[in-house]
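First the structure, in the form of structure tokens, and then the observations on it.
The values are calculated or read from the model by the stated rules, or taken from the named source; none is laboratory data. Note that the structure is a prediction, hence the values are computed from the model and not measured. Using ideal geometry, Cβ is built from the backbone for each residue, glycine included, and neighbour counts are taken over all protein chains shown. Protein only, heavy atoms only, side chains kept; ligands, DNA and RNA dropped before computing areas. Shrake-Rupley method; radii C 1.70, N 1.55, O 1.52, S 1.80 Å.
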Amino acid sequence: MINENSEVILSVRNLTADVDGIQILKGLNLEVKAGEIHAIMGPNGSGKSTFSKVLAGHPDYTVTGGEISFEGKNLLELGAEERARSGIFLAFQYPIEIPGVSNLDFLRVAYNSKRKHQGLEELDAFDFDDLVKQKLDIVKMNPAFLGRSLNEGFSGGEKKRNEILQMAMLEPKLGILDETDSGLDIDALKIVSNGVNQLANAENAIVLITHYQRLLDYITPDYVHVMEGGRILTTGGKELALELEARGYDWVREEEAVAAK
Amino acid sequence: MTIPSTVSDVAPINGKLKVDRAAYLQQLLSLRPALDEAVGLLNVIRDRATARVQELAIPSTRDEEWRFTDLSDLLQVRFQASSEQAPTLSFDKIQPFILPEAINSRLVFVDGHYDPALSGVDDLPDGVMVTSLAAGAELLKDLPSYLAQQQGAEETFTALNTASFTDGALVWVEKNQTIVPPIQILYVSTATQPTIDHPRALVVAESGSKLTLIEEYVTLYDGTYFTNPVTEIWLDTNAEVHHTRIQHDSDAAFHIGKTAVSQARDSRYTCNAVSFGARLSRHNLEVYHTGEQTETTLNGLTIISGEQVADTHSTIAYTHPHGSSNQIHKCIVDDRAHAIFNGKVFVPKAAQLTDAKQLSSNLLLSPKARIDTKPQLEITADNVKCTHGATVSQLDSDEVFYLQSRGIDEDSARKLLTYAFAYEVIREIPVASLREKLAAIVREQQA
């Protein structure tokens, strides 16, 4: 939902970034306000996933220029865990598996590290269990999953639902979903999308990174950005996604090439 | 106690190594306790092994089997004979090591001596004998067919044990008996002086029987001592033994242990070997198949740090068709520690249709940590499925990042991932309290 007067949550200006000495982001600009849902689309290798990792602070990616401000603070000064505690959440394309650490314990550690950062008391196991049980319904997850090792042996759909459950627990100001729709069957896609829709509100913002328009049938974006060559080439509304689906990405590149002349 | 290398009967680094290493071994042999004349069988066995030891020397790194494991440090220590009687320990000293599941099925040895007061075998289920070897030697006429009869007995430290042991643990499961409670054999060291002990265990699972065995080496102090154990395990046809071996010695200790297993047709053997090391530790794990369609599962975990050296040498020797084995060995090596893994699998022509898998997976936590890993498959049969792999890696930065992105600091993230790496082996242990105890030790070590 677009509201011109709402606060700017994320402001990215002229961002450039390298990985292994290769420049991937080449002057990216983006502004995200509270209440908005943004979709970033683009072909493979356009830099979408790199952008999500740079936002979340992956140490393998080096920011070489530009600025990222998050709620008015310089994000680049913060490590990955500090960004997470400050309200940035990245849902991973490939969530990792951790044998021996139960889903419930993991959620509790993550949740309490945020509470601590906010200067709040850690929640005891009893209260925490109650809270988690409420959130399970958002992604229609069976409570039995809480006792299992984190993501271990989970199907692709279960892993993605688990990511959304983590997001529901951590209540981020900015939720970034990196290809959360990839590899999901239609039922899982509906559950995940429905979860995201329940979590989106006027106080937070969502950035969806996706290759396919399909996700946007279930989560309606306020803005669609097309990324290519490490930059956002064009921005439009929901209809831009449909146009991309129908015409592919080539026309965007051509228009850009014409505009550049 | 470390003595200077100028003492004549200890090998100087550049002296006549071979001669001195032989003399050193004979010195260790001379420390063996005298045997009670009444135990005739043990006398015969010891005498045979003594003759063998007298031909041998402490191996050097020029010996292929000891290429990466340098015993020079051992030669710097002058060991003494263990006291003739075990110190009296109160139960509360060893209580932390007693598994609740094995409260009525445990044998406790203190500095190599059987301690009946600390053991608890009064309420055993029917069909299993759990006692000391000395007691068993009088009761079992079949004992000579098994005791010290495993292959590989001529190896230096195995022979030294056989020439030196006076007693040991005996676990004997009768035909078709399933023993539900785990049998725990606990070896406690109280050494504060450099002493040498030769723990010995004999486990026989008769045809169709089933047993869970927990063998554990622990210490009460940070002493310099040398534990040289041998455990022999016999599985008759269709028997099943689930064996867990925990080695947790002092950082100043030496531990050179042998597990020799013989598997008859259709038998199933699992070994979970968890080593927290010593100053220098070695586990020789040898599984000999004597019939068709045997199954062997070896799960290994070594966690070492500081200056520790920990070596696992395993052998699976097939001799018949349709056997299968699944081996995974993991090492977590921190600081300047050094882990060695050598995994032999022999598949001769007679062992067609063998299915053998081996994986050596290693985590290096520090730039100075070292791992030598060597899968060694010798296959002459032509219709078999044998795979092996070895990986040596650091923690994956994407995995660390995943945890950081959930608000967990980098240090905690690394510890959690290291724990998870170890847990994949720990979870195979069938006794819940032990599994939890080990998980807690690993978490604490990483904290």
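Of the numbered criteria (1) open to solvent by less than 40 Å² (accessible area, probe 1.4 Å); (2) at pLDDT below 95, the one A:ALA246 fails is (1).
Remark: pairs (first residue in region A:98-118, more than 9 Å from every other protein chain (Cβ to nearest Cβ); second residue among the small types (Gly, Ala, Ser) and open to solvent by 10 Å² or more (accessible area, probe 1.4 Å); Cβ separation under 6 Å; 6+ apart in sequence or on different chains) = A:SER102/A:GLY147. The number of residues in region B:135-147 being farther than 18 Å from B:LYS175 by Cα and at pLDDT below 85 comes to 2.
Taking the conditions (1) open to solvent by less than 30 Å² (accessible area, probe 1.4 Å); (2) more than 11 Å from chain B (Cβ to nearest Cβ); (3) at pLDDT below 95 in turn, A:GLY72 satisfies each one other than (1). Selection of strands (runs of 3 or more DSSP E) fully inside region B:110-193 by the criterion of at least 3 residues being in contact (Cβ under 8 Å) with a residue 12 or more places away in the chain and open to solvent by less than 10 Å² (accessible area, probe 1.4 Å) returns B:169-173, B:183-189.
Residues in region A:92-124 that are open to solvent by 50 Å² or more (accessible area, probe 1.4 Å) and out of contact with any Leu (no Cβ under 7 Å at 6 or more places or on another chain): A:TYR94, A:ASP105, A:ARG108, A:VAL109, A:LYS116, A:HIS117, A:GLN118, A:GLY119, A:LEU120, A:GLU121, A:GLU122, A:ASP124. Of all residue pairs spaced 6 or more apart or on separate chains, those with beta-carbon atoms under 9 Å, a first member in region B:71-89 that is open to solvent by 70 Å² or more (accessible area, probe 1.4 Å) and a second member that is of a type in the set (Lys, Arg) are B:ASP73/B:ARG279. One residue alone among B:GLY306, B:GLY323 is surrounded by fewer than 19 Cβ atoms within 10 Å (Cβ to Cβ) and at pLDDT 95 or above, and that residue is B:GLY306.
Within this structure, B:LEU434 fails the test of being more than 16 Å from B:LEU301 (Cβ to Cβ), touching a helix residue (DSSP H, G or I) at 6+ places or on another chain (Cβ under 9 Å), at pLDDT 95 or above and open to solvent by less than 10 Å² (accessible area, probe 1.4 Å).
Residue-by-condition table, conditions (1) in a strand (DSSP E or B); (2) open to solvent by 10 Å² or more (accessible area, probe 1.4 Å):
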residue: B:GLU232; (1), (2): yes, no
residue: B:HIS242; (1), (2): yes, yes
residue: B:THR259; (1), (2): yes, no
residue: B:GLY277; (1), (2): no, no
residue: B:TYR288; (1), (2): yes, yes
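Does at least one position in region B:275-288 carry a residue that is touching a residue at least 12 places away in the same chain (Cβ under 8 Å) and on the phi > 0 side of the Ramachandran plot? Yes: region B:275-288 contains one or more residues that are touching a residue at least 12 places away in the same chain (Cβ under 8 Å) and on the phi > 0 side of the Ramachandran plot. Those strands (runs of 3 or more DSSP E) of region B:342-441 that lie entirely within it include none in which at least 2 residues are within 14 Å of another protein chain (Cβ to nearest Cβ) and in contact with a Gly (Cβ under 8 Å, 6 or more places away or on another chain). Any residue at all in region B:386-407 that's in contact with a helix residue (DSSP H, G or I) (Cβ under 7 Å, 6 or more places away or on another chain), open to solvent by 10 Å² or more (accessible area, probe 1.4 Å), under 24 Å from A:ILE98 (Cα atoms) and modelled with pLDDT of 95 or more? Among the residues of region B:386-407, at least one is in contact with a helix residue (DSSP H, G or I) (Cβ under 7 Å, 6 or more places away or on another chain), open to solvent by 10 Å² or more (accessible area, probe 1.4 Å), under 24 Å from A:ILE98 (Cα atoms) and modelled with pLDDT of 95 or more, which makes the answer yes. Do we find that B:ARG265 is buried (at least 21 other Cβ atoms within 10 Å of the Cβ) and either basic (Lys, Arg) or in a loop (DSSP other than H, G, I, E, B) (or both) in this structure? So B:ARG265 fails the test. Restricting region B:358-385 to residues that are among the hydroxyl-bearing types (Ser, Thr, Tyr) and more than 25 Å from the chain's Cα centre (by Cα) leaves a set whose member that is farthest from A:GLU97 (Cα to Cα) is B:THR380.
Criterion first (within 30 Å of B:ALA439 (Cβ to Cβ) and surrounded by fewer than 16 Cβ atoms within 10 Å (Cβ to Cβ)) does A:PRO59 satisfy it?
Taking the combined requirement at face value, the residue satisfies it.
Comparison of B:ALA57, B:ALA49 shows that the only residue that is at pLDDT 65 or above, in a helix (DSSP H, G or I) and either crowded, with 18+ Cβ neighbours inside 10 Å or among the β-branched types (Val, Ile, Thr) (or both) is B:ALA49. Within region B:330-349, the set of residues being of a type outside the set (D, E, K, R) and either touching a residue at least 40 places away in the same chain (Cβ under 8 Å) or in contact with a His (Cβ under 8 Å, 6 or more places away or on another chain) (or both) comprises B:CYS331, B:ILE332, B:ALA337, B:HIS338, B:ILE340, B:PHE341, B:ASN342, B:GLY343, B:VAL345.
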